[in-house]
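Working notes for the structure below.
The values are calculated or read from the model by the stated rules, or taken from the named source; none is laboratory data. Everything numeric in this text was worked out from a predicted model, so none of it was measured. Backbone-built Cβ (ideal geometry, glycine too); neighbour counts: all protein chains shown.
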Amino acid sequence: MSRRRNLVPLALVLAMVAVLLPVAASAHEKVESGDYVFEIGWLQEPVIVGEPNGLDLFVAPKSDPEAGIADLTTLQFTVEYGSASQTYSLAPDEDAPGHYSAGFIPTRVGQYTFHLTGTIEDQSIDVSVEPEEVVEAGTLAFPEATTATAPPQTLAIAGIFFGLCGTILGAIALLKKK
């Protein structure tokens with residue numbers, strides 16, 4: 001009986017992990033528009049400024065949310081940051097119907113907006129999502145980055161200066177010998 005009592009807490013912990021793990025692993029947002037479900041997020045999470053990333057999109061009918069819609073050519077994807085915006089082409093995943101991506105490199109820290117517009121089977125689509133914020137590598141970086149060194153221009157100027165000093169000192173030494 002005591003053995004069974006020890007297994008109950010273990011079973012409860014495993015059940016909680018099994019339920020919560022998928023939620024914690026995906027920061028994608030599900031949005032419904034018309035007869036369709038959109039699962040929208042970043043290709044790579046966490047999102048680090050300056051690292052290649054982009055849109056990760058799955059589109060399915062509400063009636064069968066597991067069955068992706070292939071060959072969507074009527075949707076337009078725009079990424080927005082403040083007043084700046086850029087439109088990218090959606091690239092289908094040939095091996096997974098309904099999955100699309102659009103790669104880009106987020107160059108600033110903060111909140112981006114993913115905006116999908118167009119039509120699917122004559123239904124207008126206008127969906128906006130604010131995915132996970134873009135962050136600096138900061139505490140995610142390991143091992144800790146070394147302190148910044150002088151920029152290359154400063155090193156070049158210092159090299160020229162010391163080179164000239166050496167040339168002048170050498171010329172003075174030669175003149176003193178004569």
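Scanning region 124-157 for residues that are over 20 Å from residue 89 (Cα atoms) and among the polar types (S, T, N, Q), which turns out modelled with the highest pLDDT? Ranking the qualifying residues of region 124-157, first place goes to 153. Residues that are under 17 Å from residue 48 (Cα atoms) and either among the aliphatic types (A, V, I, L, M) or modelled with pLDDT of 90 or more (or both) do not occur anywhere in region 84-94. Exactly one residue out of 107, 117 is over 18 Å from residue 27 (Cβ atoms), among the hydroxyl-bearing types (Ser, Thr, Tyr), in contact (Cβ under 8 Å) with a residue 40 or more places away in the chain and surrounded by 14 or more Cβ atoms within 10 Å (Cβ to Cβ): that is 117.
Here residue 69 meets each of (1) over 28 Å from residue 134 (Cα atoms); (2) surrounded by 11 or more Cβ atoms within 10 Å (Cβ to Cβ); (3) without any contact (Cβ under 8 Å) to a residue 40 or more places away in the chain with one exception, condition (3).
Screening the candidates 96, 141 for the property of being out of contact with any Ser or Thr (no Cβ under 7 Å at 6 or more places or on another chain), without any contact (Cβ under 8 Å) to a residue 12 or more places away in the chain, surrounded by 10 or more Cβ atoms within 10 Å (Cβ to Cβ) and within 30 Å of residue 28 (Cα to Cα) yields one hit, 141.
Scanning region 158-168 for residues that are aliphatic (A, V, I, L, M) and modelled with pLDDT under 85 yields a total of 1. Listed conditions (1) among the polar types (S, T, N, Q); (2) in contact with a strand residue (DSSP E or B) (Cβ under 9 Å, 6 or more places away or on another chain); (3) farther than 18 Å from residue 39 by Cβ are all met by residue 101, apart from (3).
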